[in-house]
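Asker: First, the structure itself, so that you have it in front of you.
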Amino acid sequence: MRIAVGSDHRGFAVKAKVIALLKRLSHDVEDFGAHSGDAVDYPDVAAQVASRVSAGQADRGILICGTGLGMCIAANKLQGVRAATCHDDLTAEMSRRHNDVNVLCLSADMLGERLIDRMVEIWLATEFEGGRHARRVQKISELEAAPRVTPPPTS
Ligand code: RB5
């Protein structure tokens with residue numbers, strides 16, 4: 001898979017380990033920084049990684065910041081990007097099975113190295129289930145295409 005990866009300064013050390021794992025798993029990795037522990041603004045990196053996914057130039061993205069939250073909020077602003085901050089095996093798995101998440105956001109501060117490795121492997125290996133979940137994901141895309149002031153009727 002072509003995987004775009006990025007972090008801010010808080011995620012810099014974890015990013016190096018994630019990239020090493022992805023390479024061991026024979027993925028094609030693009031690193032969008034941070035390239036040192038010097039402070040950077042997470043939306044700048046999130047925009048680069050998410051735009052690769054949005055444009056179909058990367059199959060998936062992985063973003064790492066202190067909490068995994070800011071990266072997720074920023075990445076979700078780009079068309080076609082479904083980013084989720086995951087905390088454990090189950091959220092990593094379900095984000096793929098039900099939500100077809102294409103950008104995984106991780107907390108560098110709250111997750112251990114072995115857990116992150118396991119989550120990344122699960123997230124990459126888990127297929128989207130489709131079916132009723134495809135209908136729901138399609139509704140997310142429709143919200144993106146035509147934002148409404150009043151919510152659509154529930155069904
Ligand atoms: C940077 O200090 C911190 O705000 C960032 O890494 C992240 O946690 C934001 O959501």
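Asker: What ³J(HN,Hα) values, in whole Hz, does the Karplus curve 6.51 cos²θ - 1.76 cosθ + 1.60 give for segment 112-121 when θ = phi - 60°, with x put for Gly and Pro?
Answerer: x, 4, 5, 5, 4, 4, 5, 4, 5, 5
Asker: Taking amide hydrogens as modeled 1.01 Å from N in the peptide plane, which residues meet the under 5 Å criterion relative to VAL29, leaving out close sequence neighbours?
Answerer: When sequence neighbours closer than 5 places are left aside, the close amide H contacts are ILE3.
Asker: Separate question: Evaluate E = 1/(1 + (r/R0)^6) for GLU30 and GLU127, where r is the Cβ-Cβ distance and R0 equals 22 Å; express this FRET efficiency to the nearest 0.05. The partial results should precede the final answer.
Answerer: Details: r = 23 Å, r/R0 = 1.04.
Working from the Cβ atoms, E equals 0.45.
Asker: Now, a different point. Could you list SER95, SER54 so that the one with the fewest beta carbons within 10 Å of its beta carbon is first and the one with the most is last?
Answerer: Working: SER95 25, SER54 19.
Ranking SER95, SER54 by Cβ neighbours within 10 Å, fewest first, gives SER54, SER95.
Asker: Have a look at TYR42, ALA134, SER107 and report the one farthest towards the positive end of the charge dipole of the chain, computed about the Cα centre with Cβ charges (Lys/Arg +1, Asp/Glu -1).
Answerer: The listed residue farthest towards the positive side: ALA134.
Asker: Calculate the FRET efficiency for THR150 and MET94 from the Cβ-Cβ distance with a Förster distance of 41 Å, rounded to the nearest 0.05.
Answerer: Details: r = 29 Å, r/R0 = 0.72.
Step by step, r from the Cβ atoms, then E = 0.90.
Asker: Next up: Can you pull out the cysteines in the chain that have no other Cys Cβ under 4.7 Å?
Answerer: Taking the Cβ cut-off of 4.7 Å, the unpaired cysteines of the chain are CYS65, CYS86.
Asker: Right, something else. What size of dipole, in debye to the nearest 20, comes out for segment 2-145 about its Cα centre when the only charges are +1 on Lys and Arg C-beta atoms and -1 on Asp and Glu C-beta atoms? Intermediate results must be reported in sequence, preceding the final value.
Answerer: Working: 18 positive and 20 negative charges, 71 e Å.
Here segment 2-145 has a charge dipole of around 340 debye.
Asker: Using modelled amide H (1.01 Å from N, peptide plane; none on Pro or chain starts), what sits under 5 Å from the amide H of ALA58, excluding residues fewer than 5 places away?
Answerer: Here the answer is VAL53, since their amide H atoms fall under 5 Å of that of ALA58.
Asker: What's the local net charge at GLU93, with K and R +1, D and E -1, over the other residues with C-beta under 13 Å away? Before the final figure, lay out the partial values.
Answerer: On the way: positive: ARG96, ARG97, ARG118; negative: ASP88, ASP89, ASP100, GLU121, GLU127, GLU129.
With Lys, Arg at +1 and Asp, Glu at -1, the neighbours total -3.
We did not get these values from a lab; they are worked out from the coordinates using the rules stated. Because the structure is predicted, anything quoted here is derived from the model rather than measured. Neighbour counts are summed over all protein chains in view; Cβ atoms, including those assigned to glycine, are modelled from backbone coordinates with ideal geometry.
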